[in-house]
Amino acid sequence: MTKTFDVFLAHNSQDKRQVRVIAQELKRRGLKSWLDEEQIPPGCSFQDEIQQAIPLVNTAAIFIGIQGLGPWQILELESLVQECVENKIRIIPVLLPGVSAIPQNLRFLQRYRFVSFSEQVDDVEALDLLQWGITGQKIQIDDLPSDKGVDYKRLRNLLEAGKWKEADAETLAVMLKASGREVEGWLNIKSINNFPCKDLRTIDQLWVKYSNQCFGFSVQKRIWESVGGNPDADHEIYEVFVDLVGWRVKGNWINYRQHIIFSTSVPAGHLPIGYYWAGVWVGEAIGYDNVPSFMQRLVKCNINSY
């Protein structure tokens, strides 16, 4: 039988919100999850639908939250695990935030290596491990895809070392290389609208991972949308956005060379900023009213922060 889903997401309904976030992240990574609220029509039996779903999945992620499971749920889970074993489906226990170990009443899961979201469900390292368990392919530290042959190792190394200023300058450099604008030194609207999605995602994931979700394009996009940002946003919305990310303070624009504080103490979404100021310096591209163009490119490339 052809496998339709990459992973079956088994969970307590009380953990639905957290599991939903993880399912969205897996989708963003190109993985298809079986989630009850998306696959079971109203009026259908949960148990019957789950029985039919098992042969269609490659792996099963068993989520364990702080609420735990009741006696009947544990029996149902044991039955589910047994079916997965019989169908040669890999089982991945997943500990949600607040759970440090597999509980004793679920000791039948202790034979399997678990994935732990120790602090939050957008933990990049935990998501990488979960993806490895689902696909069987370990994400290598040097797996930094680019559609334009750009080498992102230096950017990764700078971010890993917390060298935010150098990483910001490197971000502009690799963006110019990916868009073929190294001579000009700034991005125009055409290059923004055609910027390779794969490269945007690589740059964003590096910033998000090493800043602990403080910086990155997707963080900026989330803030932009939170204030009503859209392709037709007016100047007032733009000003609210730049105030929130700290690019303007008390109505005054900050100076890149003098006022930027390269640390995680600044507002969320403050970095990267060099790609923005490169356009401001020449009064073009991402500067001023053209922020919506870049944000719209993030939308089209499905660059999201959770």
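The values are calculated or read from the model by the stated rules, or taken from the named source; none is laboratory data. Just so it is clear, the structure is predicted and the values come from calculations on it, not from any experiment. Every residue, glycine among them, receives a Cβ derived from its backbone with ideal geometry; neighbour counts consider all protein chains shown.
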All positions within the range 1-40 that are among the polar types (S, T, N, Q), surrounded by fewer than 17 Cβ atoms within 10 Å (Cβ to Cβ) and in a loop (DSSP other than H, G, I, E, B): Thr2, Thr4
Set Leu130, Leu144: member being in contact with a helix residue (DSSP H, G or I) (Cβ under 9 Å, 6 or more places away or on another chain), crowded, with 21+ Cβ neighbours inside 10 Å and among the aliphatic types (A, V, I, L, M): Leu130
Restricting attention to the range 258-266, does a residue exist that is over 16 Å from Gln296 (Cα atoms), surrounded by 17 or more Cβ atoms within 10 Å (Cβ to Cβ) and without any contact (Cβ under 8 Å) to a residue 24 or more places away in the chain? yes
With the requirement that a residue be without any contact (Cβ under 8 Å) to a residue 60 or more places away in the chain and closer than 27 Å to Ser265 by Cβ, what does the range 164-202 give you? Glu166, Glu170, Ala173, Val174, Thr202
Taking Leu75 and the conditions (1) loosely packed, with under 12 Cβ neighbours inside 10 Å; (2) at positive phi; (3) at pLDDT below 90; (4) of a type outside the set (Lys, Arg), which numbered condition does it fall short on, given that it satisfies the others? (2)
Cβ-Cβ below 8 Å, separation at least six or inter-chain, first residue in the range 4-17 and within 14 Å of Ile64 (Cβ to Cβ), second aromatic (Phe, Trp, Tyr): which pairs? Leu9/Trp34; Leu9/Phe63; Ala10/Phe63; His11/Phe63; Asn12/Phe63; Asp15/Phe63
